[in-house]
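Encoded as structure tokens, the structure appears first; notes follow it.
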Ligand SMILES: *[C@@H]1O[C@H](CO)[C@@H](O)[C@H](O)[C@H]1NC(C)=O
């Protein structure tokens, strides 16, 4: 479960440092979202921004590259501070270079986009309505989050992800004086994998000790990682889906090094890299989600996630993360666990403990504080991330195939989907599935019950246990 093993897979010749470039105006694609109350939903004009890592990073004088392929230019980047002073992040050509388009409330992310360079994947963040410089902060305790997704064009090995990361509202500008670009240029990313492929962390380049990736011509990794609590609402393709809280010790973005990043010691990291996942297939219901299945991935669907608190208010602790689907006007409760010793169709601390035990998995989720710690980030506010990616670390097998590969696929918890054990190799999917895409739309949030109509149990034969 490298749940978000974000091997940075974009490429691009260069991105300008943590200074803000002016060669190309940064224009965020508009995206409407809805905020709801018990009396209805209101449309808001927001926008999205692409992450800084994907951008051209160039010298402030002369526009030569500060980063090319998967290496920093050591002339302008002798160390992290100098690099931040010398280099600028440039505005993005969203559709032409990155294959990102929006229309109304819909965002489409294409997988491979060929131009002067070949772009692979992208990662975008939701900006606050009306703002060019601040991310939308979602504080969803005792609330629900709903979106529509079309995964029909996402085969094995790809991941169209929608999730929350505990990033700073301004992308880290206030915290680091050397970050002059901020949220407007998509800075400040972090997640529970403590990724080390991030080119700038806390306003300094991660150029020290940067090593080009052995199997990704656009990525590498530095000495530092960028850790923070992550709530995976949706990691999915047309075959499998999982939702997964990943708590971390520490609040907001923490720059790690060594074992704190999990280097050589996955379970010594500041974050729970495994998370507590609910993947219907892995939990034993292999007929629930997929092409032609109960939730038919050939068609668009609505995904609802509720953050239930201990006291029924926004001040309580997080006690449950509940999932529903709506398709063709029918509401479906999440599938029930069919694993011996694990009951329920929802994420609670009890579910997580039972699941880890049944699968023989490590207990990092509980060790990092479980749902209560996850709930702290939900209350502090998290940034909405929408991305499309392939996996240079584990071929996405943790999502849609038997994993780990050395275990018996029939052992509990090993099989996560019907994709083969040799699927998902980046060099294969990037050529054979280059035209893959994911479309997210109709993003809404508000109090429990405000964003979708839950049909009363029994009102339709298709309604499943809620
Ligand atoms: C590195 O930066 C220097 C100074 O701007 C420049 O002259 C050189 O061409 C750059 N190297 C590459 C490979 O871009």
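Residue 273 is checked against (1) buried (at least 24 other Cβ atoms within 10 Å of the Cβ); (2) farther than 30 Å from residue 300 by Cα and fails just one. What number does that condition carry? So the condition that residue 273 fails would be (2). Exactly one residue out of 53, 117, 105 is within 16 Å of the ligand (Cβ to nearest atom), touching a residue at least 24 places away in the same chain (Cβ under 8 Å) and under 23 Å from residue 388 (Cα atoms), and it is 117.
For segment 26-50, how many residues meet the condition of being in a loop (DSSP other than H, G, I, E, B) and either near the ligand (Cβ under 9 Å from one of its atoms) or closer than 23 Å to residue 183 by Cβ (or both)? Explain how you work it out, then say what you get.
Just the residues of segment 26-50 that are in a loop (DSSP other than H, G, I, E, B), to begin with: 26-29, 38-39.
Narrowing further to those that are either near the ligand (Cβ under 9 Å from one of its atoms) or closer than 23 Å to residue 183 by Cβ (or both): 26-29.
Residues in segment 26-50 being in a loop (DSSP other than H, G, I, E, B) and either near the ligand (Cβ under 9 Å from one of its atoms) or closer than 23 Å to residue 183 by Cβ (or both): 4 in total.
Kindly indicate which of 431, 387, 418 is part of a loop (DSSP other than H, G, I, E, B) and modelled with pLDDT of 95 or more.
418
If you check 209, 188 for being under 26 Å from residue 264 (Cα atoms) and free of Cβ contacts under 8 Å to residues at least 40 places away in the same chain, only one passes: 209.
Out of all the residues in segment 66-88, which are under 21 Å from residue 202 (Cα atoms) and part of a strand (DSSP E or B)?
First, the residues of segment 66-88 that are under 21 Å from residue 202 (Cα atoms): 66-67, 70-74, 76-88.
If the condition is that a residue be under 21 Å from residue 202 (Cα atoms) and part of a strand (DSSP E or B), then 67, 71, 72, 87, 88 are the ones that fit.
Of the candidates 164, 111, the single residue that is within 30 Å of residue 309 (Cβ to Cβ) and under 23 Å from the mean Cα position of the chain (by Cα) is 164.
Specify which of the listed residues (110, 86) is crowded, with 16+ Cβ neighbours inside 10 Å and more than 16 Å from the ligand (Cβ to nearest atom). Sole residue among the options that is crowded, with 16+ Cβ neighbours inside 10 Å and more than 16 Å from the ligand (Cβ to nearest atom): 110. Name the one entry in 369, 381 that is surrounded by fewer than 18 Cβ atoms within 10 Å (Cβ to Cβ) and on the phi > 0 side of the Ramachandran plot. On inspection, the qualifying residue turns out to be 369. Of all the criteria given as (1) more than 18 Å from residue 377 (Cα to Cα); (2) surrounded by fewer than 24 Cβ atoms within 10 Å (Cβ to Cβ), the one not satisfied by residue 252 is (1).
What are the residues in segment 267-301 that are free of Cβ contacts under 8 Å to residues at least 12 places away in the same chain and not in a loop (DSSP other than H, G, I, E, B), if any? Can you show your working first?
Kept after step one, since they are free of Cβ contacts under 8 Å to residues at least 12 places away in the same chain, are these residues of segment 267-301: 268, 287, 292-293.
Across segment 267-301, the qualifying residue is only 268.
The values are calculated or read from the model by the stated rules, or taken from the named source; none is laboratory data. Just so you know, these numbers come straight off a predicted model, no measurement behind them. Because the Cβ atoms are built from the backbone with ideal geometry, glycine has one as well, and the counts that use them run over all protein chains shown.
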